[in-house]
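Have a look at the structure below before the remarks.
What follows is calculated from the coordinates using simple rules that are stated; it is not laboratory data. Note that this is a predicted model, so its numbers are computed, not measured. Here Cβ is always computed from backbone atoms with ideal geometry, including for glycine, and neighbour counts include all displayed protein chains.
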Amino acid sequence: MPLRSELLGPPHSYYVWARCALDHPVFADLADATRCLEVIERVRSAFDARVFAYAIARNGLHLVVHHHPGVPLEEPWLRQRWAMLGSLRTPPPQRIAARLTSLSGLMQTLQQRISRAVNGAHGRSGAMWAARYRACLLADDAALLAAMAWLEEDVALHDDIVASSRGRHGQGATSDPHLAPPPLRVGPGDQWFPTDDGPPGLTPPADAELQEWVDRSNRSLPASARRAYGEALRQGWALGRPESLIAVLQRIGRGAGRGRSRSLRHLDDDLGLCGVWG
């Protein structure tokens with residue numbers, strides 16, 4: 001059975017929703033949410049991953065994240081990366097490489113470290129997470145910006161959200177976790193474009209203006225479109241423009257069983273995105 005990251009393929013950016021076991025409100029305490037954010041930054045740094053947006057709910061964690069499918073295989077480099085996690089034991093290099101190059105490895109490491117930090121602070125033990133997390137491939141920059149908009153303009157405003165990336169872009173190293181600049185380019189007349197779909201020669205927003213442009217791109221997407229994105233992210237396999245999803249559908253279609261029934265669904269939005277359901 002191929003890993004999800006192998007099946008879906010590039011660009012290896014995802015919306016991820018990890019629920020606590022039995023929807024228990026593990027992060028109801030702000031101090032526990034802060035511990036969670038500190039662990040996210042430590043794991044992000046060790047994996048050299050990029051976090052674009054996040055929201056910590058009382059009963060789980062939302063992330064918009066990119067991981068690297070390939071790393072140097074030199075043993076000293078792998079051991080150095082693993083040491084950044086503060087582990088007492090070092091697995092064999094092959095196992096470290098497998099962890100560092102897959103979404104499942106990233107999430108396994110992240111959930112283990114969060115459990116250790118939160119349970120340790122309260123002197124308790126036991127399973128903290130549901131058996132599976134939900135992941136939806138963001139097949140292009142427009143899909144990634146759409147996921148950010150839904151997460152920061154809809155999810156982040158729910159009463160059960162304890163902490164989020166909303167309003168925290170452009171803070172650089174002062175923010176835990178460090179937020180990667182979104183794939184956003186600024187054009188004439190205060191227009192914005194996804195990086196992979198904009199005219200040539202456009203530049204990203206300056207750091208001092210980044211939050212303003214993130215707000216502008218988030219809020220330019222109608223609430224109806226954001227709801228459609230949220231449904232696709234929560235229930236689908238992938239989100240993106242039709243041309244970005246062709247290879248994804250081909251890879252899924254070659255799989256056994258239910259994979260052959262998955263299909264594209266147009267969302268009727270300004271970005272022209274589709275979801276992959278099935």
Rel. contact order, % - alpha carbon contacts under 8 angstrom, at least six apart, the chain: 22 percent
Mean Cα-pair separation over length for segment 57-153, i.e. relative contact order, pairs under 8 Å, 6 or more apart, %: 27 percent
Max mean-square fluctuation residue, GNM over the chain, Cα-Cα springs under 10 Å, options 225, 156, 121: 121
Hydrodynamic radius by Kirkwood, which averages 1/r over all alpha carbon pairs of the chain, in angstrom: 19.5 Å
Unit charges on C-beta of K, R, D, E only; dipole of the chain, Debye: 1420 debye
Residue with peak Gaussian network fluctuation, the chain [Cα springs, cutoff 10 Å], from 79, 134, 89: 89
Farthest toward positive dipole pole in the chain [+1 Lys/Arg, -1 Asp/Glu at C-beta], among 272, 127, 138: 127
Fraction of beta bridges assigned by DSSP in the chain that are antiparallel (%, nearest 5): 90 percent
